[in-house]
Amino acid sequence: MTETKFKKNKSAIQRRLIPSYIFLTFWSLISVFPLYWMITAATNTTVEVARGKIWFGTNAANNFHTLISQNDLWGSMVNSFKYSIVQTLLCLFVCSLAGFGFELYHDKTKDKLFAFLLLAMMVPQVATMIPLFRMASGMKILNSVWGFILPSISTPFMIMMFRQNSRNFPVDIMEAARMDGLNEIEIFFRMYLPVMKSTYAAAAVITFMNAWNSYLWPKVVMLDNSAQTMPMLIANLAAGYTVDYGVLMMGVLFCSIPTMVIFFILQKQFAEGITGAVK
């Protein structure tokens, strides 16, 4: 009797959830549609894309051939990977070290400095372009990886993220490590890094995506076409008098694949790091 009642209650709950499932399915399809349209448009001609064709075509090979024959696709991909990976690694190291110091060795002076640092988040990036360009020109790092990454090696958001998540770091581990003879640098590399791996994963996803999709600053500092990145290549494809939308969507598809792959690989750690999980 009890089992029958339980099954009836379970069925009633499932029926009540049907509208929620329908609602979520509908908005999931709406969210995925731009990605689907990008993939299908990359297989169609310009005329078919302009007419609004939303199913797969047979022009993918021609679009790909036109893209690689008229543009330095592989060079742009290599540049984007090189700049993004170097920026991600350096940003993770610098910002995690800063967050580690601000939270686990904090005092009133550091708190005031951190509050002042957060004010930098309110400054628009455009307002810093001219002084940054003059600095990069004076340091002779235009058209180089250092010119690309130096303004973004340390960001207030990343420092704040590491500092907030460091509040969950067990301080007792540090005290035990000091008693075992470890210095502060060894504590950071041997204790802090393994425990904060979820935060590192989330920060890596955010930093890599920001670096990969960056357009305005690379457009300013990369004066040579040989140093262009994928967003700059996409902008060039869309800047002509007549735009080949099939080729453009093929370029957008190639530009989107690396960030999608990285996010899908690290999505679990990304969710844990955003919520402040410490393992």
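Data overview
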{"quantity": "Answer from L92, L113 - the residue that is part of a helix (DSSP H, G or I), assigned by TED's automatic domain parsing to the domain that holds S256, modelled with pLDDT under 90 and within 16 Å of Q164 (Cα to Cα)", "calculated": "L113"}
{"quantity": "Given (1) surrounded by fewer than 16 Cβ atoms within 10 Å (Cβ to Cβ); (2) among the polar types (S, T, N, Q); (3) within 22 Å of P258 (Cβ to Cβ), index of the condition T43 fails", "calculated": "(1)"}
{"quantity": "Residue match in the range 152-159 (condition: modelled with pLDDT of 85 or more, surrounded by 15 or more Cβ atoms within 10 Å (Cβ to Cβ), among the β-branched types (V, I, T) and not in a helix (DSSP H, G or I))", "calculated": "yes"}
{"quantity": "Residue within the range 193-207 that is basic (K, R), in a helix (DSSP H, G or I) and in contact (Cβ under 8 Å) with a residue 40 or more places away in the chain present", "calculated": "yes"}
{"quantity": "Single unsatisfied condition, M122 versus (1) at pLDDT 85 or above; (2) under 26 Å from A202 (Cα atoms); (3) of a type in the set (A, V, I, L, M, F, W, C)", "calculated": "(1)"}
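Table: residues versus (1) touching an Asp or Glu at 6+ places or on another chain (Cβ under 8 Å); (2) among the hydrophobic types (A, V, I, L, M, F, W, C); (3) buried (at least 18 other Cβ atoms within 10 Å of the Cβ); (4) at pLDDT 85 or above.
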| residue | (1), (2), (3), (4) |
| --- | --- |
| M191 | no, yes, no, no |
| A203 | no, yes, yes, yes |
| I206 | no, yes, yes, yes |
| A211 | no, yes, yes, yes |
| S214 | no, no, yes, yes |
| V220 | no, yes, no, yes |
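The values are calculated or read from the model by the stated rules, or taken from the named source; none is laboratory data. Please read these numbers as outputs of a predicted model, since none were measured by experiment. Counting neighbours? That spans all protein chains shown, and the Cβs are built from the backbone with ideal geometry, glycine included.
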